[in-house]
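Colleague: Here it is, the structure in full.
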Protein chains: 2
Amino acid sequence: MQRIGIIMAGGSGERFWPVSRKHRPKQLLKLTSPDETMLGESVSRLAPLIPPEHVYVVTGEHLVEPIREAGVGLPEGNVIAEPAKRNTAGALAYAAAHAMAAYNDDGSGLTMAVVTADHLIGNPSRFRATVETALEQAETRDALVTLGVVPARPETGYGYICAVAPLDEGADIPAYEVAEFLEKPDEERARQFVESGSYYWNSGMFFWKISAFLAELEHARPHLAEATRTMADAMAKGDDALVRRTFEALEDISIDYALMEQAREVIMVRADFPWDDVGAWTALDRTQPKDEQGNVAAGDPVLADTRNSIVFNDAGAGKMAVGVVGMDDVIVVATEDAVLVMPKDRAQDVRKVVQALKDRQAPQR
Amino acid sequence: MQRIGIIMAGGSGERFWPVSRKHRPKQLLKLTSPDETMLGESVSRLAPLIPPEHVYVVTGEHLVEPIREAGVGLPEGNVIAEPAKRNTAGALAYAAAHAMAAYNDDGSGLTMAVVTADHLIGNPSRFRATVETALEQAETRDALVTLGVVPARPETGYGYICAVAPLDEGADIPAYEVAEFLEKPDEERARQFVESGSYYWNSGMFFWKISAFLAELEHARPHLAEATRTMADAMAKGDDALVRRTFEALEDISIDYALMEQAREVIMVRADFPWDDVGAWTALDRTQPKDEQGNVAAGDPVLADTRNSIVFNDAGAGKMAVGVVGMDDVIVVATEDAVLVMPKDRAQDVRKVVQALKDRQAPQR
C-alpha cells in the first residue's frame, strides 16, 4: 500500500489581512512558528510518516509560484494546481486523480492522508501517532476516516462530529463510528457538546484508500466518481484539455457536504493533540507566547501601558517602527504597505476593510 | 523704520511622531493646511504686512536644508542657523544680531515681529491687523509687545498673561499694560482665568524695536545684551568664530523667563483670532474638518464603525492602506516606516514611544 499526503492549500486568507494577500495566503505566513510557514510546518510534521516525495500540495494556479518560492520542502512537481476553484470536493477529486495517474494505480493500492496547512497543531509526534492510527483504520476497514479533535472550549466557529461508541475499547488512540456531522452550533449547544464528551471538532483531515473514496463517491455523488476516473485517465495520457474540461464541469461543493455527511461508513479517530484553526488574528492569543501584560507581539513593537493586545509588525523593527500606547484588547497589524487597527472582539470584521479596499479597486490588496 | 519678521523654527516636534522627525519637525508638516507646511503658512500669512525678503527663519543647522527644500517662500539666505541650541532667548539674540549686521543698523531703526511657525492661526487678515497694532505699539512706545490670545477654553497646557486696564479704551484691537505672566495653571485656576476675562493665552509672539529689546536686556540680562552686540559686530566683520564662541557661551533660557517676566514695560495686544498651539495629535480635532462620525482623517484610510478618531495616513492611500474597524476615540498615524496607535487621552505619551525608540538607538526615529 502506497501512502501519499495531500495538503489542501488553496485558501484566500482575507482574515489575516494585511499580512495575508491574494498571493500570500495564510498557509504561507509564519503565524504559528517564527521560522517556518504554516505550509512548511505541515510538510515537516508529516515527513517522518510520509516522506515529502509522496506529499502533494493542491492549490490554485496563482499560488504555485509563491509556494515553490516559499521553500516548503517539497519537490517542485509536487505542488499541483487545480484548473479552477471547485471547493474541497473538487480539490480532493483532482488530487486522487493525480495520484492514480502518477502512481499508475486504479486506487486500490493508494492511501491518501488529507491534511491541512492552515491550522495549528501542537505535539507533532502525537499528531503522527494519530495519523498512523487513522491510516491503519482506513487501510484495514476500507472506510472513510476523519480526525475528531477533543474540544478545548465551547467554540461556535467550528463544525462538530458526534461519535459515541468506540470501535476498539481501551485503545490509546480510539476510533469511533461517526454518528453525525454537525454544523457550527450556537453558544448554548456548543457548551452542551463539550460537556457531553461525545462531540469533537471537525478537523478537516481525511484518510482513505482511493478505492474506498471512489466507492463511497459512487454512492453519494456518482458523477464525481466518474469525473475522478476520467481525470485520472486523461492525466495519464497527458490530455490536459480533457482534465480541465472535466474539472471545470464539477460543482462547487465541500467534501463534507458532498461526501462525508452522505457516506455509508465514516470512522472518526480521536485527536487529543492541541489544535486550532487559526481562523483570525485573535488565534495568536491562543497559540503564541505572551508577555507579562498579556500581549502577543511580533516584529519588536514598542508597547507602553498596553495590555492583552496583539501587535504584529510584519515588516520588522528594522523597516517599520510600531508604537502602541495605552491600549487594551486591540489588534494592530503593520506591513510595509498596510496597517490594520481593531478591537479583538471585531477580528472577523477585517473583511470589511478588505471589501472596502476591493471596492476602491486597489489592486492586490 | 525697517520692519523685519523673525520666525522661530527650531522645534524638535516629538509630539507629532511618527510624522515629525528630527529632520522634519512639526513646522515642516502640513498639519493645518493640506497644501502648505506650517512654516510656509507662517510666511504667507505675514507677507502682505512684511514681504518675504525681510522675513528670517531662525533654526538649527540640521534644519536649514530641509527648510530650504520645503520651499517656504523665503530667499535662501533668510534661513539662518544658530550655531547651537540656546532656547528662545539665544535664538532671538542671534536673530537681532543678524538683523543689525544685515541692515547695518544699531537697532534703533529696526522693528522685529517675532512670530511662530508651529501654531494654527485662523483669520489671517485679523492676524495681520493685530500684528500691525502690535508693531505700532512697539514703535511708538519703545516697549516690548506681546500678543495675548482671548482664551477659548480653560486650557491647562498654555501659559497665561494677566492684563487688566486697556491703554486705549474703545480700540478695535486694544493694547494693555501686562500685569503678570503666569505659568500653566491647574484646571480650577484655568477656569477662573477664563471666567475673569482678564487673562489671555501667551502666544509666544513678540514685537519690539531692537533698541528697546537691547535696553530691556541691559536691565534684565546685561550679559545677553552685550553678547547680542558682540555677535552683531562679529557678523558684520564676518568673524564666524567669534559669533559661534559668543553664542555657545549663552545660557539655555527662554525669552519669557530671561526677559519678558523681568522687563520694566511689557504691552499686550489683544488677539481675538482663532489660535491653537497644535501641541499634539489631538489638536487636529480642533483644527480639522470631521466626517459624520466625528473622525478626522487624512490620506484616505478605510474607517468602519469608527468614531471620534484621528486617523492620519501620511504615506497616502496609494502607498499605504490603513484600515480601522470598530474603534472609538483613538489616534492612528501611519507613515512609510512607522505606525502609532493610542487613545486620544494619551496623546502626550507619544514621547514614551520616541524615548523607547531612542533607547534602542534606532537612528533618526
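The values are calculated or read from the model by the stated rules, or taken from the named source; none is laboratory data. Small disclaimer: the values here were computed from a predicted structure and weren't measured. Positions of Cβ are backbone-derived with ideal geometry, glycine not excepted, and every protein chain shown enters the neighbour counts.
Colleague: Scanning segment A:266-300 for residues that are touching a Lys or Arg at 6+ places or on another chain (Cβ under 8 Å) and closer than 30 Å to A:T133 by Cβ, which turns out nearest to the other protein chains (Cβ to nearest Cβ)?
Modeller: Ranking the qualifying residues of segment A:266-300, first place goes to A:G279.
Colleague: Still on this model: Among the listed residues A:E216, A:E195, which satisfies the condition of being over 18 Å from the mean Cα position of the chain (by Cα) and buried (at least 19 other Cβ atoms within 10 Å of the Cβ)?
Modeller: It is A:E216.
Colleague: Run down B:N295, B:N308 and say which single residue is in the same structural domain as B:L340 (by TED's automatic domain parsing), on the phi > 0 side of the Ramachandran plot and not small (G, A, S).
Modeller: Just a single option satisfies the conditions, and that option is B:N308.
Colleague: crowded, with 19+ Cβ neighbours inside 10 Å, touching a residue at least 24 places away in the same chain (Cβ under 8 Å) and within 14 Å of chain A (Cβ to nearest Cβ) - does that describe any residue in segment B:21-28?
Modeller: Yes, there is a match, as at least one residue in segment B:21-28 is crowded, with 19+ Cβ neighbours inside 10 Å, touching a residue at least 24 places away in the same chain (Cβ under 8 Å) and within 14 Å of chain A (Cβ to nearest Cβ).
Colleague: Suppose the filter is touching a residue at least 12 places away in the same chain (Cβ under 8 Å), assigned to a loop (DSSP other than H, G, I, E, B) and acidic (D, E); does A:E251 pass it?
Modeller: So A:E251 passes the test.
Colleague: Based on this model, can you work out whether B:L303 counts as aliphatic (A, V, I, L, M) and facing chain A (nearest Cβ under 8 Å)?
Modeller: Against the criterion (aliphatic (A, V, I, L, M) and facing chain A (nearest Cβ under 8 Å)), B:L303 does not qualify.
Colleague: For A:T130, work out the one condition from (1) touching a residue at least 60 places away in the same chain (Cβ under 8 Å); (2) hydroxyl-bearing (S, T, Y); (3) in contact with a helix residue (DSSP H, G or I) (Cβ under 7 Å, 6 or more places away or on another chain) it doesn't fulfil.
Modeller: (3)
Colleague: Please go through segment A:319-329 and give me each residue that is assigned to a strand (DSSP E or B) and more than 7 Å from chain B (Cβ to nearest Cβ), ordered by number.
Modeller: Scanning segment A:319-329 gives a single hit, A:D328.
Colleague: Here's a follow-up. What is the number of the single condition among (1) under 21 Å from B:Y257 (Cα atoms); (2) in contact (Cβ under 8 Å) with a residue 60 or more places away in the chain that B:E183 does not meet?
Modeller: The single condition B:E183 does not satisfy is (2).
Colleague: Sticking with this one: Only one of these conditions is not met by A:G316: (1) at positive phi; (2) at pLDDT below 95; (3) more than 14 Å from chain B (Cβ to nearest Cβ). Which number is it?
Modeller: A:G316 satisfies all of (1) at positive phi; (2) at pLDDT below 95; (3) more than 14 Å from chain B (Cβ to nearest Cβ) except (3).
Colleague: Of the residues A:N313, A:N308, which single one is in contact with a Pro (Cβ under 7 Å, 6 or more places away or on another chain) and not charged (D, E, K, R)?
Modeller: A:N313
Colleague: If you check B:V296, B:V333, which single one turns out to be free of Cβ contacts under 8 Å to residues at least 60 places away in the same chain and either out of contact with any Asp or Glu (no Cβ under 8 Å at 6 or more places or on another chain) or not charged (D, E, K, R) (or both)?
Modeller: One residue alone meets the criteria, B:V296.
Colleague: Which members of segment A:83-98 meet the condition of being under 16 Å from A:R245 (Cβ atoms) and surrounded by 24 or more Cβ atoms within 10 Å (Cβ to Cβ)?
Modeller: Within segment A:83-98, A:G90, A:A93, A:Y94, A:A97 qualify.
Colleague: Got at least one residue in segment A:309-318 being more than 32 Å from the chain's Cα centre (by Cα) and surrounded by 24 or more Cβ atoms within 10 Å (Cβ to Cβ)?
Modeller: no
Colleague: If you go through segment B:259-271 one residue at a time, do you hit one that is in a helix (DSSP H, G or I), surrounded by 15 or more Cβ atoms within 10 Å (Cβ to Cβ) and not assigned by TED's automatic domain parsing to the domain that holds B:V324?
Modeller: Checked segment B:259-271: at least one residue is in a helix (DSSP H, G or I), surrounded by 15 or more Cβ atoms within 10 Å (Cβ to Cβ) and not assigned by TED's automatic domain parsing to the domain that holds B:V324.
Colleague: Separate question: Sort through A:K344, A:K319 and tell me the only one that's touching an Asp or Glu at 6+ places or on another chain (Cβ under 7 Å) and under 20 Å from B:M327 (Cα atoms).
Modeller: A:K344
Colleague: Would you mind telling me which numbered condition in (1) within 28 Å of the chain's Cα centre (by Cα); (2) surrounded by fewer than 23 Cβ atoms within 10 Å (Cβ to Cβ); (3) more than 9 Å from chain B (Cβ to nearest Cβ) A:E336 fails?
Modeller: Going through the list (1) within 28 Å of the chain's Cα centre (by Cα); (2) surrounded by fewer than 23 Cβ atoms within 10 Å (Cβ to Cβ); (3) more than 9 Å from chain B (Cβ to nearest Cβ), A:E336 breaks only (3).
Colleague: Within segment A:267-289, take every residue that is modelled with pLDDT of 95 or more and of a type outside the set (A, V, I, L, M, F, W, C) and give me the one that is farthest from A:S33 (Cα to Cα).
Modeller: This residue is A:R270.
Colleague: For segment A:181-206, which positions are assigned to a strand (DSSP E or B) and at positive phi?
Modeller: A:G204
Colleague: Another one. Filter segment B:47-73 down to residues that are more than 22 Å from B:F247 (Cβ to Cβ) and either among the polar types (S, T, N, Q) or within 18 Å of the chain's Cα centre (by Cα) (or both), then give me how many there are.
Modeller: 6
Colleague: Here's another thing I want to ask about it. Considering only residues that are surrounded by fewer than 24 Cβ atoms within 10 Å (Cβ to Cβ) and either within 12 Å of A:P18 (Cβ to Cβ) or more than 7 Å from chain B (Cβ to nearest Cβ) (or both), look in segment A:339-353 and name the one that is modelled with the lowest pLDDT.
Modeller: Within segment A:339-353, the match that is modelled with the lowest pLDDT is A:Q348.
Colleague: Another question, then. So which residues in segment B:31-43 are closer than 28 Å to B:A134 by Cα and either surrounded by 22 or more Cβ atoms within 10 Å (Cβ to Cβ) or without any contact (Cβ under 8 Å) to a residue 60 or more places away in the chain (or both), if there are any at all?
Modeller: The answer is B:L31, B:S33, B:E36, B:T37, B:M38, B:L39, B:G40, B:E41, B:S42, B:V43.
Colleague: Mind listing whichever residues of segment A:159-180 are buried (at least 16 other Cβ atoms within 10 Å of the Cβ), assigned to a strand (DSSP E or B) and among the aliphatic types (A, V, I, L, M)?
Modeller: Selection gives A:I161, A:A163, A:A175, A:V178.
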